[in-house]
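For reference, the structure is listed below as structure tokens.
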Amino acid sequence: MQLKPGLYQHYKGPVYRVLQVAHHSETDEALVIYQALYGDKGCWARPVSMFTELVSIHSEDGAVLKQIPRFEYLTEQTAVLEVAILDVVKGQASAFEDAFKHAQSIISSMDGYISHRLRRCVAVPERYLLTVQWQSLEAHTEGFRESSEYQAWRALLHHFYTPLPTVEHYHAEDVFV
């Protein structure tokens, strides 16, 4: 069975993003790999047959009221990858990393946030690559950038940058693998 990538809502309410369909190494059973878009944003695997099955909704006396999909397809919305090259003031790399440890709790608490990575450059020790995966472009540009949390993020980090970074947005899906 083909399963469309995108956002799905569990019948109990939470929304998940289907990342891909994988196969069990021993049984070849098709497994849906999906990520929660709430809380710790954990990834899960579930057999496709279970992911796509109907579940019964029962009355208080146990009678079946109706059957509904365990997960309902919402949209093809795909994630966006925010990319920024961060040049930190010479001699401030350690202080920047300490500040970032605090700042990452701000960004990871935002609606629409999926994940982030901060990598240090090999050739230029004061240069970092920050990538943040968002559920949508608007989650970053409107939800985060227009929030009071962004002001706290900015206060913690922006004084380390020289110059202020250019931020670009990319499709999160690979063109080639």
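Quick notes on this one:
- Flag if Ala36 is outside the structural domain of Arg154 (by TED's automatic domain parsing), surrounded by 14 or more Cβ atoms within 10 Å (Cβ to Cβ), within 25 Å of the chain's Cα centre (by Cα) and of a type in the set (Gly, Ala, Ser): yes
- Those residues of the range 39-77 which are surrounded by fewer than 11 Cβ atoms within 10 Å (Cβ to Cβ), of a type in the set (Asp, Glu) and either touching a residue at least 24 places away in the same chain (Cβ under 8 Å) or closer than 21 Å to Met110 by Cα (or both), in sequence order: Asp40, Glu76
- Within the range 117-133, the set of residues being more than 17 Å from the chain's Cα centre (by Cα) and not in a loop (DSSP other than H, G, I, E, B) comprises Arg119, Arg120, Arg127, Tyr128, Leu129.
- Of Ala152, Ala95, Ala139, all but one fail to be within 24 Å of Gly13 (Cβ to Cβ), outside any strand (DSSP E or B) and either modelled with pLDDT of 95 or more or not aromatic (Phe, Trp, Tyr) (or both); the exception is Ala139.
- When residues of the range 78-137 are limited to those that are in contact with a His (Cβ under 6 Å, 6 or more places away or on another chain) and over 21 Å from Ala152 (Cβ atoms), the one surrounded by the most Cβ atoms within 10 Å (Cβ to Cβ): Val80
- Residue list for the range 138-177, restricted to those being over 17 Å from the mean Cα position of the chain (by Cα), hydrophobic (A, V, I, L, M, F, W, C) and surrounded by 13 or more Cβ atoms within 10 Å (Cβ to Cβ): Ala152, Trp153, Leu156, Leu157, Phe160, Val167
- Residue under evaluation Val89, criteria (1) more than 17 Å from His116 (Cα to Cα); (2) not assigned by TED's automatic domain parsing to the domain that holds Arg117, criterion not met: (2)
- Selection from the range 145-175 of residues that are among the hydroxyl-bearing types (Ser, Thr, Tyr) and within 17 Å of Leu86 (Cβ to Cβ): Tyr150, Tyr161, Thr162, Thr166, Tyr170
- Scanning the range 70-91 for residues that are modelled with pLDDT of 95 or more, assigned to a strand (DSSP E or B) and not hydrophobic (A, V, I, L, M, F, W, C) gives Glu82, Asp87.
- Number of the exception - Glu173 against (1) of a type in the set (Asp, Glu); (2) modelled with pLDDT of 95 or more; (3) under 24 Å from Lys41 (Cα atoms): (2)
- Restricting the range 15-33 to residues that are farther than 12 Å from Phe51 by Cα and surrounded by 13 or more Cβ atoms within 10 Å (Cβ to Cβ), the residue that is farthest from the chain's Cα centre (by Cα) is Ala22.
The values are calculated or read from the model by the stated rules, or taken from the named source; none is laboratory data. Keep in mind the model is a prediction, meaning the values are calculated, not measured. Counting neighbours? That spans all protein chains shown, and the Cβs are built from the backbone with ideal geometry, glycine included.
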